[in-house]
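*Asks:* First the structure, which I've put down as structure tokens, then a few questions once you've had a look.
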Amino acid sequence: MTHLVAGIFDIVVGSVMLLLFFRFMLQFAGVERSDPYAKSIYQLTKVVDVFSRIFPTLGGGRVSLSAVALLFLLRLIFVWGVLDLMQLDSQNIGLFHSTDYNMAMIDHLHRYYSPFMLFFVASVTLVVDFLRLCQNLIIASFVISWIVIFSDKVHPALLLLANLSEPLISPFRKLLPVTGMFDLAPMVGFFLIILLEVIVKTFGVYLINL
């Protein structure tokens with residue numbers, strides 16, 4: 001029964017976190033609330049607007065610290081709830097099965113549990129997962145760009161998904177030379193985010209082994 005509750009908890013928290021990630025990226029990309037395909041996400045994440053009274057937005061309202069705070073709070077609640085309240089070991093946490101790194105961090109937390117370690121592991125794994133989602137956005141935008149080239153008709157929802165990666169790609173597009181039909185910016189952005197992920201992982205492992 002406990003494993004079933006943990007599984008349901010995993011699905012619910014993971015789904016809400018994914019929604020909050022998309023809310024963050026919509027705001028970061030400057031997508032208007034009136035956009036028909038973004039409207040539902042804005043409506044489902046109204047709690048971000050409530051928390052924005054406590055956590056200010058940066059970058060002209062594009063960087064939502066309230067969304068980041070809620071993402072961290074959910075990750076913290078999830079890890080604490082499963083390891084402490086439900087008394088399950090890390091092998092039974094479905095959300096962390098996707099990467100060996102997250103599993104290793106949770107295993108370390110299980111062995112050396114403390115409030116500080118809980119805070120640290122929640123922070124590092126959240127950053128790593130956030131960077132992985134950004135990588136997936138760039139891959140999706142790259143695929144969609146080729147669909148646009150070879151197709152006369154592209155669903156607006158796909159175009160919206162591609163627009164979410166623009167804040168991650170556009171800085172490199174301004175620096176790189178124009179190469180015609182082939183855009184190097186997504187590739188450069190993708191590999192730099194991978195490099196950042198490696199740095200965060202290395203830093204995390206180094207600190208927990210001090």
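*Asks:* Can you tell me the FRET efficiency between Leu210 and Ile77 if r is taken as the Cβ-Cβ distance and R0 is 45 Å, rounded to the nearest 0.05?
*Replies:* E(calc), rounded to 0.05, equals 0.95.
*Asks:* Sticking with this one: If one takes the longest principal axis of the Cα atoms in the chain, at what angle in degrees, from 0 to 90 and to the nearest 10, does the Cα axis of helix 185-208 lie?
*Replies:* Taking Cα atoms only, the helix is inclined about 10 degrees.
*Asks:* Net charge near Met25: determine it from the other residues with C-beta under 11 Å of the C-beta of Met25, scoring Lys and Arg +1 and Asp and Glu -1. Each step should come with its number before you reach the end.
*Replies:* Values: positive: Arg23, Arg62; negative: Glu166.
Neighbour charge sum, excluding Met25 itself: +1.
*Asks:* Nearest 10 degrees is fine. How inclined is helix 100-111 to the longest principal axis of the chain, computing both from alpha carbons?
*Replies:* 20
*Asks:* Please report the carbon-and-sulfur percent of the accessible area for the chain; probe 1.4 Å, protein heavy atoms only, DNA, RNA and ligands left out.
*Replies:* C and S fraction of accessible area: 70 percent.
*Asks:* Follow-up question, since we're still on this one. Which of these, Asn102, Asn136, Asn163, has the largest mean-square fluctuation under a Gaussian network model of the chain (Cα springs below 10 Å)?
*Replies:* With Cα springs under 10 Å in the chain, the top fluctuation among Asn102, Asn136, Asn163 is at Asn136.
*Asks:* DSSP loop (so not H, G, I, E, B), at most 11 other Cβ within 10 Å: list which trypsin sites (Lys or Arg not before Pro) in segment 148-199 pass both filters. Working shown, then result.
*Replies:* Working: sites: Lys153, Arg173, Lys174; in loops: Lys153.
Filter output for segment 148-199: Lys153.
*Asks:* Right, another one. Pulled fully out, how much extra length does the chain show between Ser34 and Leu18, if you take 0.36 nm times their separation in residues and subtract their Cα-Cα distance?
*Replies:* Once the chain is fully extended between Ser34 and Leu18, it gains 3.7 nm.
*Asks:* How large is the helix-only mean residue ellipticity at 222 nm for the chain, computed as the sum of -39500 (n - 2.57) over DSSP H runs with n ≥ 4, divided by its residue count, in deg cm²/dmol to the nearest 500?
*Replies:* Numbers: 9 runs with 146 residues, N = 210.
So the calculated ellipticity at 222 nm is -23000 deg cm²/dmol.
The values are calculated or read from the model by the stated rules, or taken from the named source; none is laboratory data. Values in this document were obtained by computation on a predicted structure and should not be read as measured data. Please note: Cβ atoms are built from the backbone with ideal geometry, for glycine as well, and neighbour counts cover all protein chains shown. Only protein heavy atoms, including side chains, enter the accessible area calculation; ligands, DNA and RNA are left aside. Shrake-Rupley method; radii C 1.70, N 1.55, O 1.52, S 1.80 Å.
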